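The values are calculated or read from the model by the stated rules, or taken from the named source; none is laboratory data. Keep in mind it's a predicted model, so treat the numbers as computed, not measured. Reconstructed Cβ throughout: ideal geometry from the backbone, glycine too, with neighbour counts over all protein chains shown.
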Amino acid sequence: MAVKEIAMNPLERLRLRVSFGGGLVVVAAIVLSVSSMFAARSGVVLHAASIAGAALAALAREAESNDTAIRPFRVNVPKAELDDLRRRVLATRWPDKETVSDQSQGVQLAKLQELVRYWGTGYDWRKVEAKLNALPQFTTNIDGVDIHFIHVRSRHTNALPVIVTHGWPGSIIEQLKIIGPLTDPTAYGGKAEEAFDVVIPSLPGYGFSGKPAGAGWDPDHIARAWAELMERLGYTRYVAQGGDWGTPISSAMGRQAPAGLLGIHINLPATIPNDVAAALAVGGPAPAGLSDQERAVFDALDAYMKKNSSAYFTMLTARPQTIGYGATDSPAGLAAWILVHPGFAQWSYGAYPEKSPTKDDVLDNITLYWLTNTAASAARLYWENGGRSVTGSSAQKTTDISVPVAITVFPEDVYRAPETWARRAYHNLIYFHKVDKGGHFAAWEQPELFADELRTAFRSLREVH
């Protein structure tokens, strides 16, 4: 994909950095000279220029990894790529219909066909492209990977900075609707003193961020990168928010406790106790001593597991590259794979245009994956996580988190943590609230409610600091 970045490319930046890395340039020249002499004296044909080129490439990589510049960014997808997508969509080869009347075998054929038909005939990517380009977007290189992010500063004074992390199969698209309520609360029934500066990064390997060339970008690494990003933006005090993958990443930030992090808010908390997790893993009976509410949560989790609703998690963890082939070659295959996530189980496929996310919202997200060719690179985050539960307290080392923690539970999420487990898992829990609507993609589904939860959850931290 050709994405227009308003910035110099790495080699152009290198030309302006005469002093930086000069030693490597000298080394490259020496290597070239020595290699040429050796080739001439020995009669062996050596590719001296290739050797020197490798040294210069090493210089470029080092320069890039040491580059802390923040560069403006705009999206500009070539028409040819949109035409190619439409051609592929309309040429979809469909399987036969499922043999059941529900979603137990996966995404249903008729619903997907209707969505894909609209994708190929009525959907317009340029609308969301314009929305993105109306926002301040940037990239910066952290640990060798370009990180793309949206950064909107509030017009109100003393706004509290928040870094908001998406998950899979989401993207920055699912958080666009919370920017207004967070940065301009007075326009949404809030108070000026409750405003936020909002930073929304694309995870490495997702969207417009770069794709890691090697292993090692697990949630802990991303958490350190986010702390570096906030430091580069000049923030000395800030909070973090996350759901889905944003929860283990924000939780890792809480464990690492970088300078300036005041607290975290999460909406898929890691609260499942060890005895409950062990019973669920083997399909055993509920542990003794559970309250009625805890038993109801256990039963819901047990039913979820027995329906194999987390099979996608197992496959992504085990073989993300294999998943990538089909999802990279077939737009319809990509859409089906994304929609198999249980967060979409109650989605109406756009049957109710007034409900968020709309048909266009979801296609914006799927199209972003397609145009950036990130089906495989995004999936690798599961492999990097090594199979650790994102909702298990021990797996996420929640008792090691010392910063204040706030939790909102949305009633249609795949896991609805009871407060008793939350207080056992997080020793510095300052806020716990169950709201009456919203699901796994809470920021997408209920943006104003979501923003109000953040205002309330972090209110005490504004007062203290």
Quick check on my filter: what residues within the stretch 104-118 are part of a helix (DSSP H, G or I) and either among the aliphatic types (A, V, I, L, M) or closer than 25 Å to ALA311 by Cβ (or both)?
LEU109, ALA110, LYS111, LEU112, GLN113, GLU114, LEU115, VAL116
Exactly one of LEU262, LEU268, LEU290 is outside any helix (DSSP H, G or I), in the same structural domain as LEU115 (by TED's automatic domain parsing) and within 18 Å of TYR415 (Cα to Cα), and that one is LEU268
Would you please name the residue that is farthest from the chain's Cα centre (by Cα), looking only at residues in the stretch 98-134 that are among the aliphatic types (A, V, I, L, M) and surrounded by 15 or more Cβ atoms within 10 Å (Cβ to Cβ)?
LEU109
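Restricting the stretch 367-390 to residues that are surrounded by 19 or more Cβ atoms within 10 Å (Cβ to Cβ) and among the polar types (S, T, N, Q), which is farthest from ILE249 (Cα to Cα)?
Residue satisfying both the conditions and the ranking: THR367.
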Answer from SER209, SER202, SER251 - the residue that is within 27 Å of PHE298 (Cα to Cα) and small (Gly, Ala, Ser):
SER251
Could you go through the stretch 369-388 and let me know if any residue there is part of a loop (DSSP other than H, G, I, E, B) and farther than 25 Å from SER202 by Cα.
no
Residues satisfying the stated conditions in the stretch 151-194, i.e. among the β-branched types (Val, Ile, Thr), over 15 Å from TYR235 (Cα atoms) and either crowded, with 18+ Cβ neighbours inside 10 Å or within 19 Å of the chain's Cα centre (by Cα) (or both):
THR165, ILE172, ILE173, ILE178, ILE179, THR183
Could you check the stretch 445-465 and list, in sequence order, the residues that are outside any helix (DSSP H, G or I) and within 17 Å of HIS166 (Cα to Cα)?
GLN446
Of everything in the stretch 196-226, what is surrounded by 23 or more Cβ atoms within 10 Å (Cβ to Cβ) and either aliphatic (A, V, I, L, M) or not assigned by TED's automatic domain parsing to the domain that holds ALA451 (or both)? Give them in sequence order.
VAL198, VAL199, ILE200, LEU203, ILE222, ALA223
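Tell me the residue from SER202, SER250, SER209 that is closer than 22 Å to THR398 by Cα, in contact with a His (Cβ under 8 Å, 6 or more places away or on another chain) and not β-branched (Val, Ile, Thr), please. Please lay out each step first, then the result.
Details: SER202 fails: closer than 22 Å to THR398 by Cα; SER209 fails: closer than 22 Å to THR398 by Cα.
None of the other options fit; the residue is SER250.
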Which numbered condition LEU135 fails, given (1) in contact with an Asp or Glu (Cβ under 9 Å, 6 or more places away or on another chain); (2) part of a loop (DSSP other than H, G, I, E, B):
(1)
When you look at THR157, is it part of a loop (DSSP other than H, G, I, E, B), among the β-branched types (Val, Ile, Thr) and out of contact with any Gly (no Cβ under 7 Å at 6 or more places or on another chain), yes or no?
yes
Could you tell me whether any residue of the stretch 338-354 is assigned by TED's automatic domain parsing to the domain that holds SER104, touching a Leu at 6+ places or on another chain (Cβ under 6 Å), in contact (Cβ under 8 Å) with a residue 12 or more places away in the chain and buried (at least 22 other Cβ atoms within 10 Å of the Cβ)?
no
Count, please, the residues in the stretch 322-350 that happen to be more than 18 Å from the chain's Cα centre (by Cα), modelled with pLDDT of 95 or more and not hydrophobic (A, V, I, L, M, F, W, C).
8
So which residues in the stretch 415-436 are touching a Leu at 6+ places or on another chain (Cβ under 8 Å) and part of a loop (DSSP other than H, G, I, E, B), if there are any at all?
TYR415, VAL435
Looking at ASP302, ASP364, which is the one that is among the acidic types (Asp, Glu), over 25 Å from LYS79 (Cα atoms) and surrounded by 14 or more Cβ atoms within 10 Å (Cβ to Cβ)?
ASP302
Based on what the data block shows, is THR399 among the hydroxyl-bearing types (Ser, Thr, Tyr), assigned to a helix (DSSP H, G or I) and under 25 Å from PHE298 (Cα atoms)?
yes
